[in-house]
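Novice: Structure in structure tokens, see below.
Computed from the coordinates by the stated procedures, all read-outs in this text should not be read as laboratory data. Small disclaimer: the values here were computed from a predicted structure and weren't measured. So basically every Cβ, Gly included, is an ideal-geometry build from the backbone, and we count neighbours across all protein chains shown.
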Amino acid sequence: MNIEKIRKDFPILHQEVNGKPLIYFDNAATSQKPQSVIDALTHYYNTDNANIHRGIHTLAERSTTAFENTRKAVAEFLNSNEVEEIIFTKGTTEGINLVAATYGRKFIGEGDEIIISGLEHHSNIVPWQILCEEKGSVLKVIPVNDKGELIMEEYDKLLSDKTKLVSVNYISNALGTINPVKEIIDKAHGVGAKVLIDAAQAAPHATLDVQGLDCDFMAFSAHKVYGPTGVGALYGKRALLEAMPPYQGGGEMIKDVSFSGTTYNDIPYKFEAGTPNIGEVIALKAALDYVSELGLENIAAYEHELLEYATELLSEVEGFQAIGTADNKASVISFLIDGVHPFDLGQILDAKGIAVRTGHHCAQPLMERFEIEGTVRASFSVYNTKEEIKTFVEALKSAIKMFK
Ligand code: PMP
């Protein structure tokens with residue numbers, strides 16, 4: 001991989017922040033966008049902008065074709081069997097909420113159990129809490145060990161014929177832990193439960209394969225995989241999507257509307273009420289094309305090199321304490337420095353042009369598990385370099401000196 005060439009594809013990287021060259025290590029919050037994605041977005045607004053599906057004029061046809069081409073690209077990216085199994089959403093959060101509000105409301109009832117894990121993002125906790133509150137269902141949580149891994153023996157104990165749904169992330173955005181999702185899915189299916197995989201953090205770092213995994217649902221966000229904000233996709237198995245009631249009512253999701261009754265559109269349109277983020281969906285294809293050109297396996301291998309290098313350098317920093325030391329980890333280092341508040345470190349690093357995230361990373365129960373309020377999180381992407389990591393560690397050391 002030619003990292004210097006890759007870096008040239010990302011215009012935002014070539015700037016100074018607070019008088020220093022930008023070092024962007026906040027990729028687990030959102031990734032930067034290559035020029036091809038920015039171009040796809042501006043091309044759409046400059047030349048093709050029209051509402052999709054209903055128009056017969058040329059612009060409407062162009063935008064509809066480009067929009068539906070992204071659906072094909074997402075189907076390929078997730079290795080789904082059918083293009084109709086791909087629903088466009090605002091992102092992972094909406095994908096999970098959609099499943100909770102439709103599949104959950106229809107198929108999960110009083111006393112039924114939903115299993116999530118202690119590693120989840122709030123967006124894979126709160127929708128289930130809302131559902132459980134409404135239906136009298138019970139939320140169970142797979143606990144996390146001191147390394148930030150799921151305790152699979154405890155998962156085995158939680159599973160029963162009461163389990164209706166298991167919803168876990170593939171990779172934790174807070175710690176980087178890669179979860180054994182295939183095993184989780186197979187075991188859930190063993191008791192007849194359905195499984196949703198939150199692939200928000202996995203999409204830019206791991207090859208996704210919904211057929212190989214045999215998951216029932218999978219959600220991801222475009223913005224974490226070099227695409228625009230405000231769009232994402234939900235995969236669902238055809239039979240499930242067809243059995244689920246609609247999510248929102250409005251245009252596009254209907255076949256016929258009359259005051260005596262309305263019939264709903266076929267999937268995926270049944271779940272796509274209203275005018276979507278057309279330009280952003282179209283630009284998502286450019287992002288997926290970019291990833292497939294580089295090769296996700298190449299990206300993951302390079303990021304792993306960065307992770308190992310950073311882990312090694314950081315382990316020599318005075319007072320460094322890693323939060324999350326899973327054997328199987330991707331691209332994220334969450335840590336604390338003895339006696340220094342994460343927020344203070346984040347501010348000092350920012351003054352040196354280095355963007356890291358500090359806080360609970362939308363995973364407050366996980367922070368509670370480690371009896372901390374938050375961490376400093378450095379998360380790497382394909383355009384980051386070992387030189388940047390070296391600069392970051394030196395900046396960290398000098399920040400620590402200031403506090404000691
Ligand atoms: N789950 C995980 C694991 C995530 O990393 C994120 C985003 N940080 C989300 C869910 C929510 O994604 P979004 O805000 O794009 O809907």
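Novice: Under a GNM of the chain (C-alpha, springs under 10 Å), which listed residue has the highest mean-square fluctuation: TYR45, TYR24, TYR103?
Specialist: Between TYR45, TYR24, TYR103, it is TYR45 that shows the largest mean-square fluctuation.
Novice: Considering only C-alpha atoms, what is the centroid distance from region 256-293 to region 1-34, in Å?
Specialist: Comparing the Cα centres of region 256-293 and region 1-34, I get a distance of 31 Å.
Novice: Run the reach check for LYS352 against aspartates and glutamates, Cα to Cα strictly under 16 Å, same-chain hits fewer than 8 apart removed. What comes back?
Specialist: Within the straight-line cut-off, LYS352 pairs with GLU16, ASP26, ASP344, GLU387, GLU388, GLU394.
Novice: Assuming 0.36 nm per residue, please report the length gained on full extension of the stretch GLN248 to TYR264 beyond their Cα-Cα distance.
Specialist: Length difference between fully extended and current span is 4.7 nm.
Novice: Which residue, ASN145, ASN384, ASN124, tops the fluctuation ranking in a GNM of the chain built on C-alpha contacts under 10 Å?
Specialist: Taking springs between Cα atoms under 10 Å, the residue moving most is ASN145.
Novice: May I ask you to derive the FRET efficiency for SER315 and ASP289 from their Cβ-Cβ distance with R0 = 35 Å, giving the value to the nearest 0.05?
Specialist: My answer for the efficiency is 0.40.
Novice: Please report the antiparallel percentage of the DSSP beta bridges confined to region 142-231, to the nearest 5.
Specialist: For region 142-231, the DSSP antiparallel bridge percentage is about 20.
Novice: Compute the label zone of ASN69 within region 201-237: residues whose backbone N is under 13 Å from the point 7 Å along Cα-to-Cβ.
Specialist: none
Novice: If you line up the long axis of helix 181-190 against the longest principal axis of the chain, both from Cα atoms, how many degrees apart are they, to the nearest 10?
Specialist: 40
Novice: May I pose another question? With angles folded into 0 to 90 degrees, how steeply does helix 58-78 sit against the dominant principal axis of the chain? Use alpha carbons for both and round to 10.
Specialist: Once rounded, the angle reads 60 degrees.
Novice: I would also like to ask the following. Would you kindly give the portion of the calculated P(r) for region 147-224 that falls above 19 Å, as a percent of all Cα pairs?
Specialist: Across region 147-224, Cα pairs with separations above 19 Å total 34 percent.
Novice: What are the extents of the Cα atoms of the chain along their three principal axes, in Å, largest first?
Specialist: Sorted largest first, the three principal extents are 73, 55, 33 Å.
Novice: Hey, which of these cross-link pairs are over 22 Å Cα-Cα: LYS8/LYS285; LYS140/LYS187; LYS224/LYS255; LYS72/LYS237; LYS8/LYS33?
Specialist: Pairs exceeding 22 Å: LYS224/LYS255.
Novice: Are there any GluC sites (Glu not before Pro) in region 58-159 that are in a DSSP loop and have at most 10 other Cβ atoms within 10 Å? List them by number.
Specialist: Taking region 58-159 and a limit of 10 other Cβ atoms within 10 Å, the loop GluC sites (Glu not before Pro) found are GLU110.
Novice: Pulled fully out, how much extra length does the chain show between HIS122 and GLU82, if you take 0.36 nm times their separation in residues and subtract their Cα-Cα distance?
Specialist: This chain segment gains 11.4 nm when fully extended.
Novice: If you count the DSSP beta bridges with both ends in the chain, what percent of them are antiparallel, to the nearest 5?
Specialist: Around 60 percent antiparallel, to the nearest 5.
Novice: Pick from LEU307, LEU241, LEU294 the residue whose mean-square fluctuation is largest in a GNM of the chain, springs joining Cα atoms under 10 Å.
Specialist: Of LEU307, LEU241, LEU294, the Gaussian network model singles out LEU294 as fluctuating most.
Novice: Still on this structure, I have one more. Take the Cα of MET402, step 7 Å along the line toward its Cβ, and report every residue of region 322-346 whose backbone nitrogen sits under 15 Å from that point.
Specialist: Zone members listed by number: 340-346.
Novice: If you don't mind, there's one more thing I want to ask. I need the Debye-formula profile for region 124-181: one equal scatterer per C-alpha, no solvent, reported as log10 I(q)/I(0) at q = 0.31 1/Å, two decimals.
Specialist: -1.34
Novice: Report the label-to-label distance for GLU387 and ALA29 in nanometres (one decimal), using points 7 Å from each Cα along the Cα→Cβ vector.
Specialist: 2.5
Novice: In whole angstrom, how far apart do the alpha carbon centroids of region 42-110 and region 319-387 sit?
Specialist: Centre-to-centre distance over Cα atoms comes out at 34 Å.
Novice: Which FRET efficiency, nearest 0.05, do GLU297 and GLU133 yield, Cβ-Cβ r, R0 60 Å?
Specialist: Taking R0 as 60 Å, the efficiency between GLU297 and GLU133 is 0.90.
Novice: Taking 51 Å as R0, compute the FRET efficiency from the Cβ-Cβ separation of THR229 and ASP156 and round it to 0.05.
Specialist: 0.85
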